[in-house]
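Okay, structure first, notes after.
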Amino acid sequence: MASSSGEARPSRRGDALKKRARIFAASTIRLAQQLPRDPAARVIADQLIRSATSVAANYGAACRARSRREFISKLCIATEEADETQLWLDLLGDLEMAPLPSVTALRSEADEFIAIFVASIGTARRRVGHT
């Protein structure tokens, strides 16, 4: 996020989390590629890929935000996408379409993204003076 002077501040934590989000997206794509080739699995795979890659894209957009309010907005979208990713992963597990250890690991990572994003949103909201 830009500093009050308008200059971008490098963030090692932000860079590490962006990389982690890309790895999450790639891992989710790999899982989706292993799903059966039936119509239901194809729909779930498409939605799973969209939501997981959107986590990474929206977190990246949050890191490039021009204001704290824009940061909050993009991070809220990333949180929603992580939550949606959990839904698709849960369906894969419920329907036994994918190996449970892979589903569980990705779901756990989505949980961690949600926790990190929610905490960051709370901090950013306190800094702009609203809840």
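The values are calculated or read from the model by the stated rules, or taken from the named source; none is laboratory data. The structure displayed is predicted, hence computed values, not measured ones. A quick note on method: Cβ atoms are made from the backbone with ideal geometry, for glycine too, and the neighbour counts reach across all protein chains shown. Note: areas computed on protein heavy atoms with side chains; ligands, DNA, RNA excluded. Shrake-Rupley method; radii C 1.70, N 1.55, O 1.52, S 1.80 Å.
Among the protein heavy atoms of the chain, carbon and sulfur supply 52% of the accessible surface, probe 1.4 Å, non-protein parts ignored.
Per residue, how much space in cubic angstrom lies within the convex hull of the C-alpha atoms of region 25-131?
Hull volume normalised by residue count: 82 Å³.
Rounded to the nearest 10 degrees, the angle from helix 68-94 to the longest Cα principal axis of the chain is 10 degrees.
Which order do the peptides 67-74, 35-42 come out in when sorted by mean C-beta neighbours inside 10 angstrom, highest first?
Values: 67-74: 16.8, 35-42: 12.2.
By packing density, highest mean first, the sequence is 67-74, 35-42.
Using the 1.4 Å probe convention, the accessible area of the chain works out to 58 Å² per residue with neighbouring protein chains retained.
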